[in-house]
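Read through the structure below, which is laid out as structure tokens, and then see the notes.
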Number of protein chains: 2
Amino acid sequence: MPHEVEQRSLARYLEEHNLKHTRQREAILEVFLSARGHITSEDLYQQVRARHPHIGYTTVYRTMKLLCEAGLAHESNFDGTTRYEIAHEHHDHLVCVRCGKIVEFECDLIEDAQERIAKQYGFRILRHRHELYGHCPECQKRVRTRG
Amino acid sequence: MPHEVEQRSLARYLEEHNLKHTRQREAILEVFLSARGHITSEDLYQQVRARHPHIGYTTVYRTMKLLCEAGLAHESNFDGTTRYEIAHEHHDHLVCVRCGKIVEFECDLIEDAQERIAKQYGFRILRHRHELYGHCPECQKRVRTRG
DNA sequence: GGGCAAAATGAATCTGATTTTCAGTTTCAA
DNA sequence: TTGAAACTGAAAATCAGATTCATTTTGCCC
């Protein structure tokens, strides 16, 4: 089984919450983990369908919610449609508005500054989103040569 | 005319782009500028309708897009529905996930850090979004006393 | 190795925000 | 004044996301 650790992690979550372990959930997790980058539930559905034609969109959709709750996936939303990425260390995103490329970054300095700001306003922060939109190096070149 | 500067700014934008100056656009800008905070196009439509029953939702919707292009309004999206705010100095947002309160903040330190990160990855930044989600002071109290 | 309740599935439907269509109206430059 | 271009607004289309519900599976009991 290619992603044993995650499969076990899902199994534990299901057990702890009296949810059922189904072929569909296992299959969807498997395909999700094999997919690269920030994927929409629609795209993921297409990939799942290629290997498991019997699995419906609704199940993919609901399973991704489940994987988020289980801490195996993260939801993000750049352009109005929800995307999922494999959960790992916290990070933020650089998004190229021309080609759609998404690069992850981390910055402790910013994290600290956020804490200070939250304290200043008396907020208790649960999560945040921080996205920088612009042109990636390749697209800058392309823009220049084209005009 | 209550918001002469903005009305003139809109007029200039329309002229420069060969667009037409209509009562509707003037009226919508006026109501928008008088409204407080981060308003949805639906809310704005309700307010516009109170004073100008003949103006339709579509026109409000389209005019807000226009005002954004003209630099008089800014679009933001916290909870899946688009909100508009009056354009002014750049700032980011603290959002209370319980009561929906939105507080604006600015932080030069973070702006600088963003620049550094962009340079590191070769990106040219056009805009960004930075939102901190959590509980405002009032809601923290309420949560504590209730359980 | 049934029997069964709870949970899951998936096709279809609903929702709610946004966007487009299109016929009729208004603006504005000549 | 006139006509082309732009605008308006009711209605319809779109689109992602969420829900419904009849049917099937799973996990657990005996």
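The values are calculated or read from the model by the stated rules, or taken from the named source; none is laboratory data. Everything numeric here is computed off the predicted structure, so don't read it as measured data. Because the Cβ atoms are built from the backbone with ideal geometry, glycine has one as well, and the counts that use them run over all protein chains shown.
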Of residues in segment B:100-119 being more than 8 Å from chain A (Cβ to nearest Cβ) and out of contact with any Cys (no Cβ under 9 Å at 6 or more places or on another chain), the one nearest to A:E138 (Cα to Cα): B:K119
Breaking point among (1) surrounded by 14 or more Cβ atoms within 10 Å (Cβ to Cβ); (2) away from DNA strand C (no atom under 12 Å from the Cβ); (3) more than 17 Å from B:H3 (Cα to Cα); (4) among the hydrophobic types (A, V, I, L, M, F, W, C), for B:V60: (2)
Of the criteria (1) facing another protein chain (nearest Cβ under 9 Å); (2) closer than 28 Å to A:H135 by Cβ, which one B:H93 fails: (1)
Residues being in contact with a strand residue (DSSP E or B) (Cβ under 8 Å, 6 or more places away or on another chain) and within 30 Å of B:T40 (Cα to Cα) - total across segment B:86-127: 22
Flag if A:V31 is within 9 Å of DNA strand C (Cβ to nearest atom) and either farther than 13 Å from A:L10 by Cα or modelled with pLDDT of 95 or more (or both): no
Where a residue in segment A:1-24 is in contact (Cβ under 8 Å) with a residue 40 or more places away in the chain and its partner, wherever it lies, is away from DNA strand C (no atom under 14 Å from the Cβ) and assigned to a helix (DSSP H, G or I), with Cβ under 8 Å and at least six apart: A:E6/A:L33
